[in-house]
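S.K.: Pasting a structure here, questions to come.
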Ligand code: ADP
Ligand code: ZN
């Protein structure tokens, strides 16, 4: 229960909202649209909230639920995470519970009783449960402060997270017309937005669209040579002590990569939909609870994972779309501290993805949609300009070069590659558009291997015209040429390269081609400096205290059986390490320390600091 008594009588709604933010959550101000959204919903209005992952959606319904009388009902598809969400709320003193299929009948009965008695601030419910007559009747017998529909894009039939039960959620509006509803999603595109409004009958809801920029994430896309090795170098040099996610396309590759990383001494776990349910769930729980775990996974992993201190998200394979890439990389750095999105990408990725589309069962229209999405992804990989500008532009948001992506930090050099491309296209033509990339490059480079001899390709005029460049360089050129759509890969014919219409003007010399100059993949260097939006470096004394706090947190989290970040975020512990508060009152001012946490942990923290001071460190 929030204590409003310390507020002067006649305090405004805004003052009451800030009071909840400070005393319960320990934050001093709302971020972005949060304040407005809270006001609007607390006042009884409907809202549609579009905010990127990590933007702070939860507070948009949690604060109004605490301001209004009754229980806020949160509809969420993420059953596996409800326990953690409820535990995290309990840590800040909010009375929360959930109803889903993992509970026994008795447990559910008890929650139902608490709801009727007005003994809950928030109740999380899975959509299929909510739709049962029993549950709807239960809600009618209680006082409901608001409905929050989380992951609202699940109503979209064209999206990848479609949940049929979500469509039925319009019933909430019909049965509870007086209760405000707030729908939230991190999916940005216009089509999804319209579908949410239409399906949930949110025509009259106010829309709050935030910027989708995640300035603390550094985007980096490198040329793939030996992907696994590059990944290992990256993790070891940049994030040896951090938690992160590595995405792979196939289940097999997930398992192999996890094993490889384990063999190199990293604490790596695997996650994919083909794994035994119990093991998969256990791995997810370990990732959330323990420090420094690298989760190697297919895209089955991640929705609703709100671990704030994921420091890196890597892709070892090319994602199918920019939407997917942005959602996956968005899981890094929710706490606002610097984080990395790193991807290794090469010719083989392009070939593989094209083949997957060609070979899929989908009809032609759908294949075309998939092809367009892939093209957009390739164009992000090959861009000569700021990655972030490119990404945000894809979501319809104008911006300027960010200074925190690889192309901004080390601008790629472009060169007039018209002659090289002509050589490549001619070679494809001379081998009658029947050979795969490897063979074409051998002919170009004048390598007279067995197959080349067998087909008498060493007799061709183009044999060896590209001997001045190495194989990796030609692969880079070929990859870009495919990305530009001058060549396609014929999946049905042994990945044979074929010319497209677009190749003609280049072959005729009517069109120039600019490409990215090839750069040898470098060994990852530890980036010495991060752009200045957040101060991250701790002095050695501060670091010592931070490490001590980290240990304390591990033990405390284990005792309470909750993930470490539920106790305190890294950002909060950094602030403590810097400020070294000597009293509870000083500790109260640290971001992320609310009244309940102050009461539970304050004395321990102060003692820990005093301990260090007297030890003279
Ligand atoms: P989303 O659901 O949009 O991905 P969350 O609600 O999980 O984001 O919030 C992301 C992180 O930002 C959380 O760690 C949360 O505690 C923090 N946060 C949210 N709002 C604020 C705020 N006003 N001040 C400080 N931290 C905040
Ligand atoms: Zn940039």
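S.K.: Output the residues belonging to the stretch 314-335 that are part of a loop (DSSP other than H, G, I, E, B) and under 8 Å from the mean Cα position of the chain (by Cα). Give the steps one after another, and end with the answer.
M.R.: Residues of the stretch 314-335 part of a loop (DSSP other than H, G, I, E, B): 316-321, 330-335.
Those that are part of a loop (DSSP other than H, G, I, E, B) and under 8 Å from the mean Cα position of the chain (by Cα): 330, 331, 332.
S.K.: What residue, among those in the stretch 316-329 that are crowded, with 19+ Cβ neighbours inside 10 Å and out of contact with any helix residue (DSSP H, G or I) (no Cβ under 7 Å at 6 or more places or on another chain), is modelled with the lowest pLDDT?
M.R.: Out of the qualifying residues, it is 323.
S.K.: While we're here: Which condition number in (1) within 16 Å of ligand 2 (Cβ to nearest atom); (2) over 20 Å from the mean Cα position of the chain (by Cα); (3) not in a helix (DSSP H, G or I) is the one that residue 397 fails?
M.R.: Residue 397 satisfies every listed condition except (2).
S.K.: While we're on this one: Within the stretch 409-424, identify whether any single residue is touching a strand residue (DSSP E or B) at 6+ places or on another chain (Cβ under 9 Å) and over 25 Å from residue 482 (Cβ atoms), and answer yes or no. Let's see the steps before the verdict.
M.R.: Initial filter on the stretch 409-424 (touching a strand residue (DSSP E or B) at 6+ places or on another chain (Cβ under 9 Å)): 409, 412-418, 420-421, 424.
Next cut, over 25 Å from residue 482 (Cβ atoms) only: 409.
Within the stretch 409-424 (the criterion being touching a strand residue (DSSP E or B) at 6+ places or on another chain (Cβ under 9 Å) and over 25 Å from residue 482 (Cβ atoms)), the answer is yes, since at least one residue qualifies.
S.K.: So which residues in the stretch 371-394 are more than 9 Å from ligand 2 (Cβ to nearest atom), farther than 21 Å from residue 518 by Cβ and surrounded by 19 or more Cβ atoms within 10 Å (Cβ to Cβ), if there are any at all? Break it down stepwise before answering.
M.R.: Restricting attention to the stretch 371-394, the residues satisfying the condition of being more than 9 Å from ligand 2 (Cβ to nearest atom) are 371-384, 391-394.
With the extra rule that they be farther than 21 Å from residue 518 by Cβ, the set shrinks to 371-376, 391-394.
If the condition is that a residue be more than 9 Å from ligand 2 (Cβ to nearest atom), farther than 21 Å from residue 518 by Cβ and surrounded by 19 or more Cβ atoms within 10 Å (Cβ to Cβ), then 374, 391, 392, 394 are the ones that fit.
S.K.: Scan the stretch 495-511 for residues that are assigned to a loop (DSSP other than H, G, I, E, B) and either over 11 Å from residue 351 (Cβ atoms) or at pLDDT 90 or above (or both) and jot them down. Write out each step before concluding.
M.R.: Residues of the stretch 495-511 assigned to a loop (DSSP other than H, G, I, E, B): 495, 500-502, 508-511.
Residues satisfying the conditions are 500, 501, 502, 508, 509, 510, 511.
S.K.: In the stretch 187-205, what count of residues is obtained for those that are farther than 13 Å from residue 156 by Cβ, in contact (Cβ under 8 Å) with a residue 40 or more places away in the chain and either surrounded by fewer than 18 Cβ atoms within 10 Å (Cβ to Cβ) or under 18 Å from the mean Cα position of the chain (by Cα) (or both)? Before the answer, list the steps.
M.R.: Initially, the stretch 187-205 is screened for residues farther than 13 Å from residue 156 by Cβ, giving 201-205.
Retained after the next criterion (residues that are in contact (Cβ under 8 Å) with a residue 40 or more places away in the chain): 202, 204-205.
From what's left, either surrounded by fewer than 18 Cβ atoms within 10 Å (Cβ to Cβ) or under 18 Å from the mean Cα position of the chain (by Cα) (or both): 204.
Counting residues in the stretch 187-205 that are farther than 13 Å from residue 156 by Cβ, in contact (Cβ under 8 Å) with a residue 40 or more places away in the chain and either surrounded by fewer than 18 Cβ atoms within 10 Å (Cβ to Cβ) or under 18 Å from the mean Cα position of the chain (by Cα) (or both) gives 1.
S.K.: Let me ask something else about it. Among the residues of the stretch 573-581, is there at least one that is exposed (fewer than 14 other Cβ atoms within 10 Å of the Cβ) and away from ligand 2 (no atom under 16 Å from the Cβ)?
M.R.: Start the filter on the stretch 573-581 by keeping residues that are exposed (fewer than 14 other Cβ atoms within 10 Å of the Cβ), which leaves none.
No, the stretch 573-581 contains no residue that is exposed (fewer than 14 other Cβ atoms within 10 Å of the Cβ) and away from ligand 2 (no atom under 16 Å from the Cβ).
S.K.: Right, something else. Please determine, by comparing only the residues of the stretch 28-56 that are near ligand 1 (Cβ under 8 Å from one of its atoms) and modelled with pLDDT of 95 or more, which one is surrounded by the most Cβ atoms within 10 Å (Cβ to Cβ). Quick ask: steps written out before the conclusion?
M.R.: Restricting attention to the stretch 28-56, the residues satisfying the condition of being near ligand 1 (Cβ under 8 Å from one of its atoms) are 28-31, 34, 51-56.
Checking the rest, the ones that are also modelled with pLDDT of 95 or more come to 30, 34.
Working: 30: 20, 34: 24.
Among residues in the stretch 28-56 that are near ligand 1 (Cβ under 8 Å from one of its atoms) and modelled with pLDDT of 95 or more, the one surrounded by the most Cβ atoms within 10 Å (Cβ to Cβ) is 34.
S.K.: Related question: List, please: which pairs have Cβ atoms under 6 Å, are six or more places apart or on different chains, and start with a residue in the stretch 331-349 that is at pLDDT below 90 and end with one that is in a loop (DSSP other than H, G, I, E, B) and within 15 Å of ligand 2 (Cβ to nearest atom)?
M.R.: 336/216
S.K.: Name the one entry in 574, 558 that is under 25 Å from residue 214 (Cβ atoms) and part of a helix (DSSP H, G or I).
M.R.: Unique residue meeting the criteria: 574.
S.K.: Among the residues of the stretch 207-224, how many are more than 16 Å from ligand 2 (Cβ to nearest atom), under 19 Å from the mean Cα position of the chain (by Cα) and in a strand (DSSP E or B)?
M.R.: Within the stretch 207-224, the subset more than 16 Å from ligand 2 (Cβ to nearest atom) is 207-210, 223-224.
Those still in the list that are under 19 Å from the mean Cα position of the chain (by Cα) too: 209-210.
Those still in the list that are in a strand (DSSP E or B) too: 209.
The number of residues fulfilling the criteria is 1.
The values are calculated or read from the model by the stated rules, or taken from the named source; none is laboratory data. Note that the coordinates shown come from a computational prediction; the quantities given were computed from them, not determined experimentally. Using ideal geometry, Cβ is built from the backbone for each residue, glycine included, and neighbour counts are taken over all protein chains shown.
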